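As structure tokens, the structure follows; a few thoughts come after it.
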Amino acid sequence: ESVSRYGFSYTFTLPTISQEEWHNTVDDVGVLAFIQGIPMGGKFYNNYALGGSRILKKPEIVGARKGSMKVYYRSTCGFTYPVEETFSSEKAAAQKGYMPLDCPVSPS
């Protein structure tokens, strides 16, 4: 209304955003901001910004004792050996002297 009193009119439009950016914005936590109509010389600046994040939780790596042997495995494997340490990666467990223990394969 304010602008129309001075004889101006303006049409607001949404920018074109790629499908991949829209999918990430809809599925994850994020912020979407639009800026439109900032005069820059003889043109106007129109743009948008997307900010998002995704949290992926990796299974914990457990360092345990199987008899006298130090072993590591993913916490989702279901083993009940006495836990000595936990690690964020298999590499960290191996560096501390733990040997990999494969998870049992469930019958399909």
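The values are calculated or read from the model by the stated rules, or taken from the named source; none is laboratory data. Since we're looking at a predicted model, the values are computed, not measured. Positions of Cβ are backbone-derived with ideal geometry, glycine not excepted, and every protein chain shown enters the neighbour counts. What goes into the accessible areas is simple: the full protein's heavy atoms, side chains included, and nothing from ligands, DNA or RNA. Shrake-Rupley method; radii C 1.70, N 1.55, O 1.52, S 1.80 Å.
Taking a straight line from the alpha carbon of Lys57, these lysines sit under 19 Å away, with near neighbours fewer than eight places off in the same chain left out: Lys91. Cross-link partners for Lys96 among the lysines, with Cα-Cα distance under 19 Å and sequence neighbours closer than 8 places in the same chain left out: Lys66, Lys70.
For Ser2, what accessible area in Å² do you get when you roll a 1.4 Å probe over the heavy atoms of the protein chains, rounding to the nearest 10? Its accessible surface works out to 70 Å², give or take rounding.
A probe of 1.4 angstrom, applied to the heavy atoms of all protein chains, finds Ile61 with accessible area near 10 square angstrom. Kindly list the residues of the range 65-80 that lie in the label zone of Met99, defined by a backbone N under 14 Å from the point 7 Å along the Cα-to-C-beta vector. So the set is 65-73.
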